[in-house]
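Q: My questions will all concern the structure given below.
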Amino acid sequence: MISILQTPRLTLRRFTEADSKLLLQLNSNPEVLKYLHEPPLATEEQALHILKTIILPQYKNNLGRWAIHLKTTNEFIGWCGLKYLAEANEIDLGYRLMQNFWGNGYAYEAAKHTVEYGFNQLHLKTIIGRAHIENIASLKILEKIGMQFIKEEIVDNCPVKTFSVTT
């Protein structure tokens, strides 16, 4: 297990192919995916495909979506991380939590420390964050971690608000 960072309550680590069950558990809940363009996953094979083609390749750049675990129980609660978007030449902050962990400040904590890691460890200059225009909780997190609203746009057929933070 390659740990990326620690927060007061969380450990963020790299996913491995062995985490396909965890990703399936997260991405099979329609409520978790409510504001995204992704259909719910139905099989572990689909989750493994996402790991192999989307998540794991980002690690070669020291970026990626990282599994979040509670320090107290080591329970998997979701992911957070930085992803390079080649089509826009941007570094994107993303986060996704299991529904039963919403409302505890975990997404904020993970996002805040991930942005700090991006600036302090990876020496990034700008990080972008996007959320569906109706995803009020996610929009509040982007604002609370210091991101500034840039514009509304359509990304992957979703109306989103785009935010940015720079060093």
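Since every read-out is calculated from the coordinates, none of them should be taken as a lab result. Predicted, not measured: the structure shown is a model, and the values here were computed from it. Virtual Cβ from ideal backbone geometry, glycine too; neighbours counted across all protein chains shown.
Q: With runs of 4+ DSSP H residues as the only contributors, calculate the mean residue ellipticity of the chain at 222 nm using -39,500 (n - 2.57) per run, divided by the residue total and rounded to the nearest 500.
A: Rounded to the nearest 500, it is -7000 deg cm²/dmol.
Q: Out of residues 5 or more away from residue 28 or on other chains, whose amide H comes under 5 Å of its own, with H placed 1.01 Å from N in the peptide plane?
A: Here the answer is 41, since their amide H atoms fall under 5 Å of that of residue 28.
Q: Where the convex hull is taken over the Cα atoms of the chain, what is its projected area averaged over directions, in nm²?
A: With every direction weighted equally, the projected area is 9.0 nm².
Q: Right, here's the next one. How do 80, 158 line up, fewest other C-beta atoms within 10 Å first?
A: 158, 80
Q: Looking at this model, which pairs from 71/125; 60/151; 21/52; 60/144 are more than 23 angstrom apart at the alpha-carbon?
A: Too far apart for the 23 Å limit: 71/125; 60/151; 60/144.
Q: Put a dot 7 Å past each Cα toward the Cβ at residue 49 and residue 143; how far apart are the dots in nm?
A: 3.8
Q: Identify all aspartates and glutamates with a Cα-Cα distance to residue 140 below 19 Å; exclude those on the same chain that are fewer than 8 residues away in sequence.
A: Excluding near neighbours in sequence, the set is 31, 92, 109, 116, 152, 153.
Q: Still on this structure, I have one more. Once amide H atoms are built 1.01 Å from N in the peptide plane, which residues 5 or more positions from residue 90, or in another chain, come under 5 Å H to H?
A: Hits under the 5 Å cutoff: 85.
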